[in-house]
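First comes the structure, then the notes that go with it.
The values are calculated or read from the model by the stated rules, or taken from the named source; none is laboratory data. Treat the numbers as computed from the prediction; the structure is a model and nothing was measured. So basically every Cβ, Gly included, is an ideal-geometry build from the backbone, and we count neighbours across all protein chains shown. In case anyone asks, the SASA skips ligands and DNA or RNA and just uses the protein heavy atoms, side chains included. Shrake-Rupley method; radii C 1.70, N 1.55, O 1.52, S 1.80 Å.
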Amino acid sequence: MNKLLKYRENLNLTQEELAEKTGISTRTIQRIEKGTEPKGHTLKVLAKFLEINENDLKEDKPESKTETINYQLAKHINLSSILGVIFPPINILLPWFIMKSKNQVNAITKQIVSIQILYTIIALVCILLSPFISKWFSITKQLTLILLIASVVIDIFIIIRNTIELDKNQKLLIKLNFSII
């Protein structure tokens with residue numbers, strides 16, 4: 001039963017009487033009793049008239065289905081990225097394949113794959129630009145090799161650090177504020 005309907009019936013009021021006493025249209029009261037959630041001015045006026053808290057008129061939202069996360073499997077998905085550190089498509093495809101095949105599509109595993117996608121894009125851009133940067137700034141010709149080694153070390157650090165954090169606190173330490181997948 002709708003909350004407004006329950007309060008109105010407890011006061012032995014018709015929809016028309018409630019509308020008249022609150023200054024809210026009968027049609028609005030009908031809509032609220034059919035499931036439209038009251039907002040703003042309407043919510044305040046009704047709560048004040050009924051002498052209740054505004055939240056008491058809001059319908060309870062059904063509890064969202066909570067994700068069950070297998071943290072051990074999330075660690076394995078994260079560690080599988082190491083196998084592709086040298087060959088970047090594998091560092092994305094292998095965790096993604098494991099995530100999908102084991103049906104572990106959740107916020108943590110999406111972050112793991114998203115981090116690897118972003119890492120791969122950034123590393124690729126840096127490595128592709130390194131010959132031009134070397135030439136423009138007269139930097140050593142070994143800049144490409146240095147960037148390649150640095151990107152591998154950084155990715156390994158991210159993977160290991162996130163695995164440790166998953167093991168200790170069941171969350172990722174290094175994560176994005178968004179998900180690519």
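Brief remarks on what is shown
- Global dimensions of segment 131-181 from alpha-carbon coordinates: Rg and Dmax equal 16.2, 46 Å.
- Distance distribution note for the chain: the fraction of Cα pairs above 26 angstrom is 56%.
- Cross-link table LYS135/LYS175; LYS58/LYS175; LYS58/LYS110; LYS39/LYS175; LYS110/LYS171, entries beyond 24 Å C-alpha to C-alpha: LYS135/LYS175; LYS58/LYS175; LYS58/LYS110; LYS39/LYS175
- Projected label points at CYS126 and LYS102, each 7 Å from Cα along the beta carbon direction, are separated by 2.8 nanometres.
- Extension reserve of the ASP56-GLU20 stretch, reckoned as 0.36 nm per residue once the Cα distance is removed: 10.8 nm
- Estimated inter-spin distance, LYS34 and PHE157, nm [label 7 Å along Cα→Cβ]: 6.1
- Stretch gain in nm, segment LYS48-TYR71, where the contour uses 0.36 nm per residue and the Cα spacing is subtracted: 3.5 nm
- The residues of the chain expose, per residue, 66 Å² of accessible area to a 1.4 Å probe.
- Note on the chain: dipole from Cβ charges, positive end direction compared against TYR7, ILE180, GLY84; the farthest Cα belongs to GLY84.
- Principal axis box of segment 1-54, alpha-carbon based, largest edge first, Å: 24, 21, 20
- The ellipsoid equivalent to the alpha-carbon distribution of segment 90-165 has semi-axes of 31, 12, 8 angstrom, derived from the gyration tensor eigenvalues as √(5λ) and listed largest first.
- Carbon and sulfur %, accessible surface of the chain computed with the full protein complex present, 1.4 Å: 60
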